[in-house]
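Peer 1: The structure that follows is given in the form of structure tokens.
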Amino acid sequence: MASALNLTWHQYRLERRMFWRNPVAAFFNFVLPLLFLAFFGAVFSANQRNLDIIVPGIAGMSVMSTTFVALAFNTTFLREQGVLKRIRGTPMPESSYLGALALSAVTNTVLQIGIVTVAGRFAFGTGWPRDWGALIVFVALGVACFAALGVALSHAIPNFESAAVYVNVIFLPMLFVSGTVYDATKEPLFLRDLADALPLKHLIDGLSGAMVKGQGLTANGTALAVLAVWTALAIALAVRGFSWEARRG
Amino acid sequence: MVVSDLAIDVRGLRKSYGAVEAVRGIDFAVARGEVFGLLGPNGAGKTSTVEILEGYRQRSGGDVTVLGKDPARRERDLRARMGIVLQSSGIYRHLSVRETLTHWARIYPAPREVEEVIALAGLESKAAERTRRLSGGQLRRLDFALALIGDPELIFLDEPTTGFDPAARRAAWETVRALRGLGKTILLTTHYLDEAEALADRVAIIKDGRILVEGRPDELGGEGTTGRYRVSYVERGETVARETDDPTALLNELTSAALARGERLERLRVTQPSLEDVYLELTADEQVGDADADRDQAVVGG
């Protein structure tokens, strides 16, 4: 029998092929953050201080949309459509299958961060990231955190029709309070407190440090710690409530 | 290790969901190479039973062996030897029929040839088509194909022809017969009595989580039913029907009496109850019981 790793690879390649064949998924996962980047980049093109904020901000949005949004939708869809059930009836190890889904999401993250980085260097004057190590650590932690949160959220979504409401009621406000396209420190205090409690702002702080400010990991220790706590909580929720089948009725 | 000639062995199986007992202690065994039909109305416990055998659900009690193993342990090796026909769910919409089967073939240790399975399912003309463009009947054939691709020893067919037109149904029946011809063991659940009669070597009728009667479709009707044979004739314009376990003796009695009177028994017929008669009688008994329960309820309530 094919090894578990081999099957992960085959499933991963299949997921990639299907991703590009589904224009809706490709648009929401891929094109939307880049449209944001192009739009706000054009609006703030005269002001380097603003550009320095939106490049890591959009990078943070990319992490969240390719993991949290994509997996909340996908897990709900795959569960409701019975794909998870069908896979579970085959000799494919569960870990191979879920690993392939996660890898596919991470591929989108890496592609997007790559595009944002290149755009930052050549279009928005932020230059190459100052600290590649810190960038990798924050992207990896952000992926783990938001992927797990996306899977965890899917447990609460009753059906695919309502998935957009559940996802966007979290995604859009978090996007706006966390300073994706403006300086979050200029927000009113209660919004700042809210942003501080949520993970996205800390991811963006870390990405900003790595991409623009040249701060290493130690300078953003708090952000790292908050993200790590959210990640642990999210993984626990994602694993605990996981179901291979849709609820009945 | 002793290789059992039983593909499925179920002893005292129970399944509860909270306070609701869906399966209340059932026993049955399916021999290798046999087509076994589980018949019953919705909510009878068919699906719970089958999903426990498939390894999708954990049982609450009893012993279950599938191909010599406990399905609850979900060993890859066991899953590689069974094929599950789901009802058109969980099919990748953006892949073609051939791509889907090629991917599925990789999951199994000794798959059948993809093209051979496409032909067996009658999907040759649709092999390159994306699955979202398939009709309902074609999707069900893909279900079959996905269950066969791993060349399983045991195949679970859950309501395999629900929603089929008569021609598609015939074709599906032929496929099931072909699989039986290959020596596969098949566990079939169905609402359709004629389907069970046409395909199953043995049938169990399940209701309220219990097996009411089990046996060959043409022999069912012994236990729990009033008579195995029905003798009817017309006397002075009225149809007379009598039920008996021994039609020879009854016929002798009736015909000699008629001969002695110098009469003929018009339209004399001896019929065996069909599976449908047995099924309707068994479920009708239950419904009378339910009606009694309702009445009791009403009296208590009043």
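Every number in this text was worked out from the coordinates using simple rules, so none of it is lab data. Quick caveat, the model's predicted, so the values are computed rather than measured. Cβ coordinates were reconstructed from backbone atoms using ideal geometry, including for glycine residues, and neighbour counts include every protein chain displayed.
Peer 1: Need the list of lysines near residue A:201 for cross-linking: C-alpha distance under 25 angstrom, and skip anything on the same chain fewer than eight residues off.
Peer 2: Filter leaves A:186, A:213.
Peer 1: Let me ask something else. Given H placed on each backbone N at 1.01 Å, which residues far from residue B:155 in sequence or on other chains put an amide H within less than 5 Å of it?
Peer 2: B:83, B:185, B:186, B:187
Peer 1: A follow-up question, please. Before anything else, pin down the relative contact order of chain A: Cα pairs under 8 Å, at least 6 apart, normalised by residue count, whole percent.
Peer 2: Answer for chain A is 29 percent.
Peer 1: Arrange the following residues from fewest to most other Cβ atoms within 10 Å of their Cβ: B:143, A:131.
Peer 2: The fewest-first ordering by Cβ neighbours comes to A:131, B:143.
Peer 1: Report, to two decimal places, the Cα Rg of the range B:27-144 normalised by 2.2 N^0.38 Å (N = number of residues).
Peer 2: Here the Cα radius of gyration is 1.21 times the empirical estimate.
Peer 1: Taking θ as phi - 60°, what are the ³J(HN,Hα) couplings along the range B:188-204 by the Karplus curve (6.51, -1.76, 1.60), each to the nearest whole Hz, with x for Gly and Pro?
Peer 2: So the Karplus estimates, Gly and Pro as x, are 10, 10, 7, 8, 8, 5, 5, 5, 4, 5, 6, 10, 8, 6, 9, 9, 10 Hz.
Peer 1: Another one. Mind giving me the nanometre distance, one decimal, between the label points for residue A:161 and residue A:132, set 7 Å out from Cα along Cα→Cβ?
Peer 2: 5.0
Peer 1: Moving to a separate point now. With the convex hull built on the Cα atoms of the range B:6-215, state its orientation-averaged projected area in nm².
Peer 2: 11.0
Peer 1: Rank these for me by crowding, B:79, A:86, A:49, B:269, going from fewest to most other beta carbons within 10 Å.
Peer 2: Ordered from fewest to most neighbouring Cβ atoms within 10 Å, B:79, A:86, A:49, B:269 come out as A:49, B:269, A:86, B:79.
Peer 1: Here is a follow-up. In whole angstrom, and with the biggest value first, how far do the Cα coordinates of the range A:73-139 range along each principal axis?
Peer 2: Each principal axis gives a Cα extent; for the range A:73-139 these are 51, 22, 14 Å.
Peer 1: Here's another thing I want to ask about it. Quick check: pseudo-label points 7 Å beyond the Cα along Cα→Cβ at residue A:13 and residue A:191, how many nm apart are they?
Peer 2: 4.9
Peer 1: Now a separate question. If you take the square roots of the eigenvalues of the alpha-carbon gyration tensor of the range A:4-240 and sort them as a ≥ b ≥ c, do you get rounded (a/c under 1.5), prolate (a/b over b/c) or oblate?
Peer 2: Here the range A:4-240 falls in the prolate category.
Peer 1: For helix A:4-21, report the angle its Cα long axis makes with the longest principal axis of the Cα atoms of chain A; keep it between 0 and 90° and round to the nearest 10°.
Peer 2: 70
Peer 1: Next question, about the same structure. How tilted is helix B:247-261 with respect to the longest principal axis of chain B? Cα atoms for both, answer in degrees (0 to 90, nearest 10).
Peer 2: Rounded to the nearest ten degrees, it is 30.
Peer 1: Looking at the square roots a ≥ b ≥ c of the eigenvalues of the Cα gyration tensor of the range B:229-271, which shape do they give, rounded for a/c under 1.5, prolate if a/b is larger than b/c, or oblate?
Peer 2: Judged from the Cα gyration tensor, the range B:229-271 comes out oblate (a/c at least 1.5, b/c at or above a/b).
Peer 1: How far, in degrees from 0 to 90, does helix B:166-181 lean away from the longest principal axis of the Cα atoms of chain B, to the nearest 10?
Peer 2: The angle comes out near 80 degrees.
Peer 1: So what is the calculated 222 nm ellipticity per residue for chain B, using -39500 (n - 2.57) for each DSSP H run with n of 4 or more, over all residues, to the nearest 500 deg cm²/dmol?
Peer 2: Values: 9 runs with 110 residues, N = 302.
Dividing the helical sum by the residues of chain B leaves -11500 deg cm²/dmol.
Peer 1: Let me ask something additional. Give the relative contact order (percent, whole number) for the range A:142-249; include only Cα pairs under 8 Å separated by 6+ residues.
Peer 2: Computed over the range A:142-249, the figure is 44 percent.
Peer 1: Any chance you could run the full-extension gain for residue B:19 through residue B:243? It's 0.36 nm times the residue separation minus the Cα-Cα distance, nm to one decimal.
Peer 2: Using 0.36 nm per residue and subtracting the Cα-Cα distance, I get 76.5 nm.
Peer 1: Can you tell me the relative contact order of chain B? Whole percent, Cα pairs under 8 Å, sequence separation 6 or more.
Peer 2: 19
Peer 1: Also, quick follow-up: Students often forget the sequence filter, so: which lysines lie under 20 Å Cα-Cα from residue B:46 once same-chain residues fewer than 8 apart are removed?
Peer 2: A:85, B:15, B:207
Peer 1: Further, regarding this structure: List the lysines whose alpha-carbon lies under 20 Å from that of residue B:184, not counting same-chain residues fewer than 8 positions away?
Peer 2: Partners within reach: B:69.
Peer 1: Taking the protein assembly as shown as the region of interest, what is the percent of Cα-Cα pairs per 20 angstrom bin, listed from the shortest bin to the one with the maximum distance?
Peer 2: 18, 39, 27, 12, 4, 1
Peer 1: Would you please give the residues with an amide H less than 5 Å from that of residue B:62, counting only those at least 5 places away or on a separate chain, with H modeled from the backbone geometry?
Peer 2: B:14
Peer 1: Which FRET efficiency value, to the nearest 0.05, do you get for residue A:47 and residue B:98 by plugging their Cβ-Cβ distance into 1/(1 + (r/R0)^6) with R0 = 56 Å?
Peer 2: 0.55
Peer 1: Now, a different point. What residues qualify as long-range amide H neighbours of residue B:203, i.e. H under 5 Å apart, gap of 5 or more or another chain, H built at 1.01 Å from N?
Peer 2: Placed amide hydrogens put B:37, B:215, B:216 under 5 Å from residue B:203.
Peer 1: Something else: What ³J(HN,Hα) values, in whole Hz, does the Karplus curve 6.51 cos²θ - 1.76 cosθ + 1.60 give for the range A:62-72 when θ = phi - 60°, with x put for Gly and Pro?
Peer 2: My calculation for the range A:62-72 gives 4, 4, 5, 6, 6, 10, 4, 5, 4, 6, 4 Hz in order.
Peer 1: Additional query: List A:154, A:96, A:162, B:89 from most exposed to least, where exposure is judged by having the fewest other Cβ atoms within 10 Å.
Peer 2: So the ranking, lowest neighbour count to highest, is A:162, B:89, A:96, A:154.
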